[in-house]
Each structure stands twice: as C-alpha cells, then as structure tokens.
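The values are calculated or read from the model by the stated rules, or taken from the named source; none is laboratory data. The shown structure was predicted, so the numbers you read here are calculated from the model rather than taken from an experiment. Here Cβ is always computed from backbone atoms with ideal geometry, including for glycine, and neighbour counts include all displayed protein chains. These area figures cover heavy atoms from the full protein model, side chains too; ligands, DNA and RNA do not enter into them. Shrake-Rupley method; radii C 1.70, N 1.55, O 1.52, S 1.80 Å.
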Amino acid sequence: MLLIPGPVEVPFSVANAGSYVVNHRSHEFRQIMEENQSLLNKFSGAYKTVMVTGSGTLAVETMVFSLIKEDDRVLSISYGDFGERLIESISRKTKNTQFIKYDMLDMQLLLNEIRDRDYDKLFLVHNETSNGTAIRDMSEIIKIVRGKGAKLLIDDVSGFGGYSMGMEGVYAMVTGSQKNIAAIPGIGIIFLSREACEDMENVPSVNAPFYLDLKTSMKFLDKNETAYTPATGAFKSMNLALKILDREGFINRVNRIKSSSQFIRDKLAENGVRIFGNKDIYSSTVVCFYNNDSEMIKKLLNAGISVSRGMGSISGTTLRVGTMGVINNFYIAKFLNTYFKLSGVNKTINMDEIPEATRLPAFLMDDINLA
C-alpha cells in the first residue's frame, strides 16, 4: 500500500491504462488531449493547460524558464526542500532575484516579506511535500501581489486536488499526474491564466531549452497535440483518472483528502506522537511526524505499507504519510493500527471512528486495492 507523498495508489483501471500505445498524431489521441485539457481547465479555472511528459519538477522548470523575462525582478520564498529546489531552478534562469529560506513556514513573516519587497514575479510552493506544511490560504498573498501589479506563480505539485484553491489571481501554476489526480506518474501539468498566454504571444521567445519552451507547446495544444512524442499510456491513464475525479466531484475529493490527513494527524497526536509544524500550517495532503525508530520504515514495509522519511534537516527524525489520491478509511485504519502496534501503543482504530468524509464513493470500491 503506497502511502508515500507520490506516486500514490491509483484505481486498477487507471493503472492498466498505462500500457496504452497509440499514434500520438491520431484522432484518437487528440480526443484524449482535448478531454484532459477540458477537465483540467474545469477543475483549476485555468485559461489553458499544457501537459508534458515528465515529472512535477519538469512542469516547475517549464514554468520558470518560459515565464521569466530577462528584466523581471523575481522573489521566491522557501520553507522546505521543494521550495529550495524551486529557488535553484530560478537561479539557473536569472540572477535578478531575491531568495528567502525559512526552516519552517511562518505566515506572518512570509506576508511581511511579500508586502515589503519589490518584485515583478513571486514564486511560491503552495504545499511543501518535504515536511507536511502548506500555505493554507493564498487569498491575502494574492491580494498583496495584485496590489503591487506583480504576478504570482505557484508550484502546486502536491497541492492541486487537495485544496479548493484555483487559478483566480494566479498567473501560472503547476502540478503532476501522480499526486491528488491519482494517475500514474509521467505528466507535468502547467496551468496558465489568460494573461500568461497573452504575454507569451506578445513577448519574444525567452531563453528556454527547447523542451521547456511553452510557446512551442502552446502551438501544438491548439491542435490538441503535444509538441514532442508523449508517454501515451500516462495520458490515457490521466484521462481515466480525471473522469473518475469528475464523477467523484472535485470538492468531495478535496474534503476526503483533508479529512484523512486531519484524522491521521489527530490520532497520532492523541497517542503521544509529535507532529512537525503547527495547526496553522499543516498540509492537507502530507502528514509529517517525529519518529525515533530507525527501523520503522522497514517494519511498515514488511507489513505491506510504504511511507517516506522527511527530507532535508528532518530526514533522520521524521516520517511522512501521503494522504493523496484514493486515500480512504481502509488505508487509514491499516496504517494507524499497524503503526501503533509496531510502536507498542495499545490503541486500535475501529472503522466506525473514522469520519465518513474519508470514504471513497461506492463506484470506486471495486477498482482499488483493499488488501
């Protein structure tokens, strides 16, 4: 059972679609592309959505290299490893930058920095996968950035589909197929506002590697094609996953994921486990907690459960549980009961204790692994 922060457990039908091979210039594949873009635009509120074969990091670097102009003043603030990775990508594109790094997110400090500094483009990680923290409410940040006449660009690789936030007030945002969408890995997704699309049309090509050039991808997107040979199976897999998400309802999935992380975090804390962060910055899609058993990952894996270590400075002292995709009450009970047993905690979680909001819709129950 995959409870790492991505890739995640996916429905059997979605996994099986990964073997799909077809001519990527065919009508059949164009239809998949058209449906994928339509659903992604619907869920995000994007004007257009570019899909590229690759990881979430590829999507981030496509956004960075295609949407930073030579004279842009860029600000980026990090509160974890993926924020630092974003900063590293930006530093390879431009030197006209201001970078701030926190060991842990402090919302008041963050807002003060955003309010007090001058910049044209602000890059932020919304949901920090490395330590299970997040900017839970972007509304004040969006207000400040708008007031400055600046643009907000977001790494939302592990956040999209786990929060109700969309593209309103956002210039560009990225995610990946292998997180809350619950498809197989392989597609980086770049959501674009109308303003971003118009800017690309009106500004000469930026200095971007050919594969990362959004202007090229946009030309093919108008034909419902990819610019380069795609992983056709990953696109078909995501097509099914998006239709499942549409049937479940985007907000219903957001609530299921949020309820799952909250319940796991609460039960761990009630039984003496210290959680990284605080209630104002807890992630909806990743639970990060302190653990002093160096063999715990191996013990959980022997019980059929895969979790991850924290990253960076907390890698040796914390574990991370992903609550993305098709997380549900069965997975929650299995993880908590196994963890408590291995930790010597005399506690059993009964299914009727787990909030109803964590349950999968009935139509999905025969399509997932409940072993």
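Of note:
- When residues of region 9-41 are limited to those that are free of Cβ contacts under 8 Å to residues at least 24 places away in the same chain and either in contact with a Leu (Cβ under 6 Å, 6 or more places away or on another chain) or part of a loop (DSSP other than H, G, I, E, B) (or both), the one surrounded by the most Cβ atoms within 10 Å (Cβ to Cβ): 26
- If you go through region 104-134 and keep only what is in contact with a helix residue (DSSP H, G or I) (Cβ under 8 Å, 6 or more places away or on another chain), in a loop (DSSP other than H, G, I, E, B) and more than 26 Å from residue 241 (Cα to Cα), you end up with just 131.
- Options 294, 261, 284: the member that is in contact with a Gly (Cβ under 9 Å, 6 or more places away or on another chain) and loosely packed, with under 14 Cβ neighbours inside 10 Å: 294
- Scanning region 125-144 for residues that are buried (at least 24 other Cβ atoms within 10 Å of the Cβ) and of a type in the set (A, V, I, L, M, F, W, C) yields 125, 134, 135.
- Only one entry of 279, 267, 334, 341 meets the criterion of being without any contact (Cβ under 8 Å) to a residue 40 or more places away in the chain, in a helix (DSSP H, G or I), open to solvent by 10 Å² or more (accessible area, probe 1.4 Å) and more than 28 Å from residue 34 (Cα to Cα), and that entry is 341.
- Qualifying residue in region 297-307 (condition: farther than 30 Å from residue 126 by Cβ, in a loop (DSSP other than H, G, I, E, B) and either open to solvent by 20 Å² or more (accessible area, probe 1.4 Å) or modelled with pLDDT of 95 or more (or both)): yes
- Which listed residue, of 64, 74, 52, is closer than 18 Å to residue 230 by Cα and either crowded, with 24+ Cβ neighbours inside 10 Å or at pLDDT 95 or above (or both): 52
- Residue 82 meets all of the listed conditions (1) in a helix (DSSP H, G or I); (2) closer than 30 Å to residue 315 by Cβ; (3) open to solvent by 70 Å² or more (accessible area, probe 1.4 Å) but one, namely (3).
- Test: residue in region 146-155 that is in contact with a Lys or Arg (Cβ under 9 Å, 6 or more places away or on another chain), acidic (Asp, Glu), outside any loop (DSSP other than H, G, I, E, B) and open to solvent by 10 Å² or more (accessible area, probe 1.4 Å): yes
- Residue 58 being closer than 11 Å to residue 190 by Cβ, in contact (Cβ under 8 Å) with a residue 40 or more places away in the chain and open to solvent by 30 Å² or more (accessible area, probe 1.4 Å): yes
- For residue 165: the one exception among (1) touching a residue at least 40 places away in the same chain (Cβ under 8 Å); (2) touching a His at 6+ places or on another chain (Cβ under 9 Å); (3) in a loop (DSSP other than H, G, I, E, B): (1)
- When the criteria are applied in full, residue 46 fails the requirement of being open to solvent by less than 10 Å² (accessible area, probe 1.4 Å) and in contact (Cβ under 8 Å) with a residue 40 or more places away in the chain.
- When residues of region 219-258 are limited to those that are of a type in the set (D, E, K, R) and open to solvent by less than 50 Å² (accessible area, probe 1.4 Å), the one nearest to residue 33 (Cα to Cα): 225
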